[in-house]
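Only one structure is covered here, and it is reproduced in the block below.
The values are calculated or read from the model by the stated rules, or taken from the named source; none is laboratory data. As the structure is a prediction and not an experimental result, all values here were calculated from the model. FYI the Cβ positions are ideal-geometry reconstructions off the backbone, even for glycines, and counts take in every protein chain you see.
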Amino acid sequence: MLRPNDIKNVIVFLLVLFAAPVWCFADIKLDKDGNYVEFTYATMSDGVKIAVAVGYPKGFDPQDQIQKWPAILEMSGYPQASRPVYRGDRYGERYITVSASLRGTGASGGAFAAFSERNIKDGYEIIENWIVKQPWSNGKVGIHGHSWSGITGFLTIRLLPAT
């Protein structure tokens, strides 16, 4: 026979089970063009929060826990993570785009230092500790950029494993 506490625990478990996918994507919103975008933070190993803006391609379903997507990262000292990042015109409908503001720029914490080893390590950590661990990630990440973001990306790839 179930006791009142057992019934309460079962109800709480069921609520968590069915609401978890919604909680995981609570910050993902539709923009004015009907594309999903998300503005959030990735926490680095030293505790600094780096602002990231994520653009999801057409066909992305925040409730879908099965389909996995590759990502393209762009890191810059310009206010990257403060604007929508959907780039279907550039990447088609095949990639999730992640734009990150370097530490000390945009909405990111920490002290700014152009092309510093710490910024390069941040790029590595955003890829290895944040992007590939997202529920939508298939583990494949490309780096995009020109000028500042291109140099930052070029410096970041030297820390990544050769896979």
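Here are the numbers for the structure shown:
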read-out: Thr40 being modelled with pLDDT of 85 or more, surrounded by fewer than 17 Cβ atoms within 10 Å (Cβ to Cβ) and either hydroxyl-bearing (Ser, Thr, Tyr) or under 22 Å from Lys140 (Cα atoms) (or both); value: yes
read-out: Selected residue (criterion: surrounded by the most Cβ atoms within 10 Å (Cβ to Cβ)) from residues of the range 108-117 that are in contact (Cβ under 8 Å) with a residue 40 or more places away in the chain and farther than 20 Å from Ala71 by Cβ; value: Gly110
read-out: Which listed residue is surrounded by 13 or more Cβ atoms within 10 Å (Cβ to Cβ), modelled with pLDDT of 90 or more and under 13 Å from the mean Cα position of the chain (by Cα), from Val85, Val98; value: Val98
read-out: Subset of the range 118-151 that is at pLDDT below 90 and in a helix (DSSP H, G or I) - its residue that is surrounded by the most Cβ atoms within 10 Å (Cβ to Cβ); value: Ser149
read-out: Residue ID - nearest to Arg118 (Cα to Cα), chosen from residues in the range 48-70 that are of a type in the set (Gly, Ala, Ser) and not in a loop (DSSP other than H, G, I, E, B); value: Ala51
